[in-house]
Amino acid sequence: MSNKKFETEAIRTQMERSQNLEHSSPIYLTSSFVFEDAEDMRASFAEEKDRNIYSRYSNPNSSEFIDKVCKMEGAENGFAYASGMAAVFSTLAALLDAGDHVISSKSIFGSTHTLFTNFFPKWNISTSYFDAQDLDSIEGLITPNTKIIYAESPTNPGVEVLDLEALGAIAKKHGLIFIVDNCFATPYLQQPIKFGANLVIHSGTKLMDGQGRVLAGITVGSNALMDKVYRFSRITGPALSPFNAWVLSRSLETLAVRVDRHCENALKLATFLEGHDKIDWVKYPFLKSHPQYEIAKKQMKAGGCVVAFGVKGGLDAGRQFFDNIELLSLSANLGDSRSIVTHPASTTHSKLTTEEREAVGITDGMVRISVGLEHIDDIVADIEQALG
């Protein structure tokens, strides 16, 4: 069968069965692989053979996980990492040289921002930021040394939506590499390569796992770019463990049904909050009040699991809200089966200055909720009582 549907590929993409004819893929908890003879060993290291050598390079479990995500994203190749940030750093480090310049959306994960501002400058790699809704400013930021345009959509934590097609067109016009962090949407809701992205990055820790069990990351894209990323990653050693790869591959089998429920619950919660007298504002991509609602509808299947909102009364009211939570988890993760409440200004984005947070809409009173799979009535009831 060709042209199988997303859900079928997620379930039926598996490694080749061994002589034991197992139905579910086994776990290959091995650091290395043996060779038939001296010539087999030589040819394998010379890359004349496509085979497993060492689990830092490849492993049947990580290969199965990569294969699934490539099919979901419409990519040619990929590499799986020990965490989402390992994927972000390794991808950028593999492609950038001293003197290169990156153009990035201001609205990115706090650790990625810290890479751009604190660590890459040590290697003479500079970054210029554009406002997520001012794409017209990007061309004015391009210099002869610019190599990459980097973006998240929806953004963390403010769930802004960027026009990926417009960004892809700018990158193509100027011969730049366009990289998208697709963590919030997952490949089920959005495939950035369709809109011009060259590489797509995920934190598999989030919705891909979906149950808060393992750390993981992955980058997928074209063969030419992924060859550079692979060779850097093979040497530097941030590879995903076989066990975590096995967990992720199993999790992807239920990604579609889980994300459907996440999105259904999140939209109901966002709608409830929008009408609440103790809430200042609400942002969720599939609320009609979202400034980029039409763009979200164009490039996403549904709005995702994250809702951002502001509690009236500022920081003190926000703290009281968090202290009153009973059912939902106070944690910095997202994409879990359990609903999670986070205060970005004091957690995920605490390393940014107040001015940097305000520039991307992260106020002291902002709350980020990763809406889980509990019954929506119980999620709403806990938030209602926490608001007092």
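Bear in mind that the values in this text are calculations on the coordinates, not laboratory data. Small disclaimer: the values here were computed from a predicted structure and weren't measured. Every residue, glycine among them, receives a Cβ derived from its backbone with ideal geometry; neighbour counts consider all protein chains shown.
What value, in deg cm²/dmol to 500, does the helix sum -39500 (n - 2.57) over DSSP H runs of n ≥ 4 give at 222 nm once divided by the residues of the chain?
-11000 deg cm²/dmol
Just want the answer: with Cβ charges of +1 for Lys and Arg and -1 for Asp and Glu, which residue in ASN20, TYR54, ALA75 is farthest toward the dipole's positive end in segment 1-114?
ALA75
Report the label-to-label distance for ALA98 and ARG42 in nanometres (one decimal), using points 7 Å from each Cα along the Cα→Cβ vector.
Computed distance between label sites ALA98 and ARG42 equals 3.8 nm.
Rounded to the nearest 0.05, what FRET efficiency is calculated for ALA332 and LYS173 with R0 set to 35 Å and r the Cβ-Cβ distance?
Approximately 0.40, to the nearest 0.05.
If each of ASP260 and LYS228 carries a label point 7 Å out from its Cα toward its Cβ, how far apart are those two points in nm?
4.0 nm
Which of the residue pairs LYS206/LYS283; LYS106/LYS297; LYS4/LYS172 have a Cα-Cα distance greater than 25 Å in the structure shown?
LYS4/LYS172, as the Cα separations exceed 25 Å there.
Obtain the radius of gyration and the Kirkwood radius of segment 24-130 from its C-alpha atoms and give Rg over Rh.
1.09
Output wanted: per-residue J couplings in Hz (rounded whole) for segment 280-291, from phi through Karplus 6.51 cos²θ - 1.76 cosθ + 1.60, θ = phi - 60°, x for Gly and Pro.
6, 7, 9, 10, 8, x, 9, 7, 4, 7, 5, x
First measure r as the distance between the Cβ atoms of GLU355 and GLN19, then evaluate 1/(1 + (r/R0)^6) with R0 = 51 Å and state the FRET efficiency to the nearest 0.05.
Using R0 = 51 Å, I get an efficiency of 0.25.
Quote the relative contact order of the chain in percent (integer), defining contacts as alpha-carbon pairs under 8 Å separated by 6+ residues.
18 percent
Only Lys, Arg, Asp and Glu count, each charged at its Cβ (+1, +1, -1, -1), so figure out the dipole size of the chain about its Cα centre, rounded to 20 debye.
Using Cβ point charges on Lys, Arg, Asp and Glu, the chain gives about 380 debye.
At a 10 Å Cβ-Cβ cut-off, how would you order VAL380, VAL88, fewest neighbours first?
Fewest-to-most ranking of VAL380, VAL88: VAL380, VAL88.
State, to one decimal in nm, how far the label point of LYS288 lies from the label point of GLN320, with both points 7 Å from Cα in the Cβ direction.
According to this spin-label approximation, the distance is 3.3 nm.
Which values, in whole Å and largest first, are the semi-axes of the equivalent ellipsoid of segment 1-67 obtained as the square root of 5 times each eigenvalue of the Cα gyration tensor?
Details: eigenvalues 144, 38, 27 Å².
Each semi-axis is the square root of five times an eigenvalue, giving 27, 14, 12 Å.
Among the chymotrypsin sites (Phe, Trp or Tyr not before Pro) within segment 225-305, which fall in a DSSP loop and have no more than 15 other Cβ atoms within 10 Å of their own Cβ?
none
Hey, for a label at LYS298 modelled as a point 7 Å past Cα toward Cβ, could you say which residues of segment 128-146 have their backbone N under 16 Å away?
132-137, by backbone N distance to the label point.
Farthest toward the dipole's positive end in segment 6-252, which of LEU162, PHE178, GLY204, given Cβ charges of +1 (Lys, Arg) and -1 (Asp, Glu) about the Cα centre?
Farthest towards the positive pole: GLY204.
To make sure I understand the rule: partners must be aspartates and glutamates, Cα under 16 Å from the Cα of LYS5, and not fewer than 8 residues away in the same chain. Which ones qualify?
Reachable aspartates and glutamates: ASP67, GLU73, GLU253, ASP260.
Pairs of alpha-carbon atoms within less than 8 angstrom and 6+ residues apart define the contacts here; what relative contact order does segment 181-314 have, in percent?
24 percent
Largest first and in whole Å, give the semi-axes of segment 75-214's equivalent ellipsoid, each being the square root of 5 times a Cα gyration tensor eigenvalue.
For segment 75-214, the semi-axes come out at 22, 18, 14 Å.
At 25 °C and a viscosity of 0.890 mPa s, what translational diffusion coefficient does Stokes-Einstein give for the chain, taking Rh as the Kirkwood radius over Cα pairs? Give it in µm²/s as a whole number.
113 µm²/s
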